[in-house]
């Protein structure tokens, strides 16, 4: 069975959660059809009782977390009164007592759930709770970046037409350049950079001296071309403003430009920007 990129993000977060919180068991999965959660990722489990279990919204600890879109937990699962008990047999087979479920929410939509569990009826402490929430936030950020990357890739496949088309192309190019370094998946990152190259080549530059800029210099110029200040470019690229200034000075020197605008114009003529 092929493991999706999203499932890999869940798996990685669960492994990190167990290490950081010292939990004996962590598990989770993604939502299907916007309502049902399937538990596909388990770490520390001693049985297969939870593997593949389908959780309905509102049922059990995880289903309650899905329905409320917020963390839910119980100190003793079998005797908890504020949850339903459709999954008691699977939970008991794994020997779990204290269970915490944290939803993964992207753009106000629950996409998955991370669970942490103990084999003793003990309250979930602040350290474990904070670690589980932090793990879920990491998955949310990764999924949001993937979603945005796929949206931008889809936009680059649309035909260029209309009076404002080139401005849209240039805006998409700048967003892609800023997003690519944040994408952990090497295949998706390569696809983003390939799309950038297509957008740059689509401008049909006039024949001029070829200029070799580093990828980061092109990233900075893309932000500048979109009207970004050094501070906003630094925030988008995840670097310090001083670093942006250094890349910009280097690019301007290579392009023979004396101002930011001249650098952008020269980069477009050289086919480095759309």
Checklist entry - Just checking, which of 161, 197, 203 is over 27 Å from residue 8 (Cα atoms) and at pLDDT 70 or above? => result 197
Checklist entry - If residue 28 satisfies every condition in (1) in a loop (DSSP other than H, G, I, E, B); (2) closer than 20 Å to residue 72 by Cβ but one, which is the exception? => result (1)
Checklist entry - If we scan the stretch 34-43, do we find a residue that is out of contact with any helix residue (DSSP H, G or I) (no Cβ under 9 Å at 6 or more places or on another chain) and under 21 Å from residue 121 (Cβ atoms)? => result no
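Can you find even one residue in the stretch 84-93 that is touching a strand residue (DSSP E or B) at 6+ places or on another chain (Cβ under 8 Å) and either closer than 30 Å to residue 189 by Cβ or not assigned by TED's automatic domain parsing to the domain that holds residue 41 (or both)?
First pass over the stretch 84-93, keeping only residues touching a strand residue (DSSP E or B) at 6+ places or on another chain (Cβ under 8 Å): 87, 91.
Next cut, either closer than 30 Å to residue 189 by Cβ or not assigned by TED's automatic domain parsing to the domain that holds residue 41 (or both) only: none.
Taking every residue of the stretch 84-93 in turn, none turns out to be touching a strand residue (DSSP E or B) at 6+ places or on another chain (Cβ under 8 Å) and either closer than 30 Å to residue 189 by Cβ or not assigned by TED's automatic domain parsing to the domain that holds residue 41 (or both).
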Checklist entry - So how many residues does the stretch 22-38 have that are surrounded by fewer than 16 Cβ atoms within 10 Å (Cβ to Cβ) and under 18 Å from residue 133 (Cβ atoms)? => result 1
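Filter the stretch 1-18 for residues that are in a helix (DSSP H, G or I) and out of contact with any strand residue (DSSP E or B) (no Cβ under 7 Å at 6 or more places or on another chain); which is modelled with the lowest pLDDT? Spell out the reasoning first.
Of all residues in the stretch 1-18, those in a helix (DSSP H, G or I) come to 5-18.
Pick out the ones that are also out of contact with any strand residue (DSSP E or B) (no Cβ under 7 Å at 6 or more places or on another chain) and you get 5, 8-9, 12, 16.
Details: 5: 77, 8: 87, 9: 89, 12: 92, 16: 93.
The residue in question is 5.
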Next on the checklist: Quick test of your reading of the structure: residue 104 fulfils all but one of (1) modelled with pLDDT under 95; (2) closer than 30 Å to residue 195 by Cβ. Name the failing condition by number.
Outcome noted: (1)
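State the number of residues belonging to the stretch 65-80 that are part of a helix (DSSP H, G or I) and closer than 19 Å to residue 129 by Cβ. Spell out the reasoning first.
First, the residues of the stretch 65-80 that are part of a helix (DSSP H, G or I): 65-68, 77-79.
Now narrow it down to the ones that are closer than 19 Å to residue 129 by Cβ: 65-66, 68, 77.
Looking only at that region, the number is 4.
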Item to check | Complete set of residues in the stretch 95-113 that are under 31 Å from the mean Cα position of the chain (by Cα), under 19 Å from residue 47 (Cα atoms) and surrounded by fewer than 19 Cβ atoms within 10 Å (Cβ to Cβ) | outcome: none
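Conditions (1) surrounded by fewer than 17 Cβ atoms within 10 Å (Cβ to Cβ); (2) part of a helix (DSSP H, G or I), marked per residue:
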site: 218; (1), (2): no, yes
site: 224; (1), (2): no, yes
site: 231; (1), (2): yes, yes
site: 239; (1), (2): no, no
site: 245; (1), (2): yes, yes
site: 249; (1), (2): yes, yes
site: 261; (1), (2): yes, yes
site: 267; (1), (2): no, yes
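Condition check ((1) in a strand (DSSP E or B); (2) more than 22 Å from the chain's Cα centre (by Cα); (3) buried (at least 16 other Cβ atoms within 10 Å of the Cβ); (4) not assigned by TED's automatic domain parsing to the domain that holds residue 105) across all residues:
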position: 20; (1), (2), (3), (4): no, no, no, no
position: 40; (1), (2), (3), (4): yes, no, yes, no
position: 47; (1), (2), (3), (4): no, yes, no, no
position: 63; (1), (2), (3), (4): no, yes, yes, no
position: 82; (1), (2), (3), (4): no, yes, no, no
Item to check | Number of the exception - residue 208 against (1) in the same structural domain as residue 178 (by TED's automatic domain parsing); (2) at pLDDT below 85; (3) closer than 18 Å to residue 179 by Cβ | outcome: (3)
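Kindly indicate whether residue 122 is assigned by TED's automatic domain parsing to the domain that holds residue 10, out of contact with any helix residue (DSSP H, G or I) (no Cβ under 7 Å at 6 or more places or on another chain), surrounded by 14 or more Cβ atoms within 10 Å (Cβ to Cβ) and closer than 18 Å to residue 23 by Cα. Spell out how you get there, then give the answer.
Values: assigned by TED's automatic domain parsing to the domain that holds residue 10: yes; out of contact with any helix residue (DSSP H, G or I) (no Cβ under 7 Å at 6 or more places or on another chain): yes; surrounded by 14 or more Cβ atoms within 10 Å (Cβ to Cβ): no; closer than 18 Å to residue 23 by Cα: yes.
No, not satisfied.
The values are calculated or read from the model by the stated rules, or taken from the named source; none is laboratory data. Just so we're clear, the structure is a prediction, and the values are computed from it rather than from any experiment. For neighbour counting, all protein chains shown are included, and Cβ atoms are generated from backbone atoms with ideal geometry for every residue, glycine included.
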